[in-house]
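The values are calculated or read from the model by the stated rules, or taken from the named source; none is laboratory data. Being a predicted model, the structure only gives us computed values, none of them experimental. Cβ sites come from the backbone with ideal geometry, for glycine too, and all protein chains shown count toward neighbours. Calculation scope for accessible area: heavy atoms of the full protein, side chains included, ligands and nucleic acids excluded. Shrake-Rupley method; radii C 1.70, N 1.55, O 1.52, S 1.80 Å.
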Amino acid sequence: CAGKTYKLCEDFESGIVGGLPTGWTIYQGYGKGAATDVGLANDQFHSGRMSLKSDSAMTGQRRVQKNIASLGVTASKHWGRVFYKVQSPAVKPTSGVLHITFLGLSGSNQENRVVDIVEATDGTHQWLYNNPDDHGSLGSSYNWKFDAAWHCAEWYVDVSTKSYRFFSDGTEVKQIGFVNKSDSEMVDYTAIIVGSTFYQTPPSAWVMWFDDLAIDDNQVGCQ
């Protein structure tokens, strides 16, 4: 984040391996959650020497959250970006699907899942805009597949106009974007939540890393 002027910049370089990033707290999941299901790690990173790692085979695992109320109007109208990497080969469901949230925005006890996927048994996945009650949710075609590389996810939200856009590695996924969507369940945001959490039990531990998170009034991009 050195030299960056983003409204929020987090490179996960502050803290100790196994601990929480400085300024972040635990977001308790609905599952039991192991003590090591989320924390800083130095085994993979997009830049610097550390990243945030999620590692669990249990549903409803814990994530980390950071208060963004201090961003003012930017909290509820902004561009965001995060880099992520999934351990290869990625875990695939043996039947049905795996629905996994990577990043959410929350306020008033409501989470809008703005970086969210569903993976099929063949390893392909779709992108979603999703809410816990599934109302107002939208899903794309299953046109993506996990590999061993770092990838970039970008989102745009404007709560006042109930608007959302999403980009995967710089390409807009228009199937899940919307404007004036009355059932989007968008609320004024006070926190950002990062870390994988899933809603069906995977056959083995799902492991992934997050790095170089940013929020700004203008599109951040994947550079």
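Things to note:
- Where a residue in segment 74-85 is within 15 Å of Glu172 (Cα to Cα) and its partner, wherever it lies, is outside any strand (DSSP E or B), with Cβ under 8 Å and at least six apart: Trp79/Asp217; Trp79/Asn218; Trp79/Gln219; Trp79/Val220; Gly80/Val220; Arg81/Val220; Arg81/Gly221; Arg81/Cys222
- Exactly one residue out of Val38, Val17 is of a type in the set (A, V, I, L, M) and open to solvent by less than 20 Å² (accessible area, probe 1.4 Å), and it is Val38.
- Restricted to strands (runs of 3 or more DSSP E) entirely inside segment 1-115, those with at least 3 residues that are of a type in the set (S, T, N, Q) are 51-56.
- Any pair with Cβ under 7 angstrom, 6 or more apart, that starts in segment 2-19 at a residue that is closer than 22 Å to Val220 by Cα and ends at one that is in a loop (DSSP other than H, G, I, E, B) and acidic (Asp, Glu): Lys7/Asp217
- Residues located in segment 126-182, provided they are over 27 Å from Pro89 (Cα atoms) and out of contact with any strand residue (DSSP E or B) (no Cβ under 9 Å at 6 or more places or on another chain): Asp133, Asp134, His135, Ser182
- Among residues of segment 174-203 being open to solvent by 60 Å² or more (accessible area, probe 1.4 Å) and modelled with pLDDT under 95, the one that is nearest to Asp116 (Cα to Cα) is Gln200.
- Filtering segment 204-220 to residues that are assigned to a strand (DSSP E or B) and at pLDDT 95 or above leaves Val207, Met208, Trp209, Phe210, Asp211, Asp212, Leu213, Ala214, Ile215, Asp216.
- Pair list, Cβ under 7 Å, 6 or more apart: segment 202-217 residue touching a residue at least 60 places away in the same chain (Cβ under 8 Å), other residue of a type in the set (Ser, Thr, Tyr) and part of a loop (DSSP other than H, G, I, E, B): Pro203/Thr94; Asp211/Ser47; Asp212/Ser47; Ala214/Tyr6; Ile215/Tyr6; Asp216/Tyr6
- Just one of the listed residues (Arg81, Arg63) is open to solvent by less than 40 Å² (accessible area, probe 1.4 Å), of a type in the set (D, E, K, R) and under 14 Å from Ala191 (Cα atoms), and it is Arg63.
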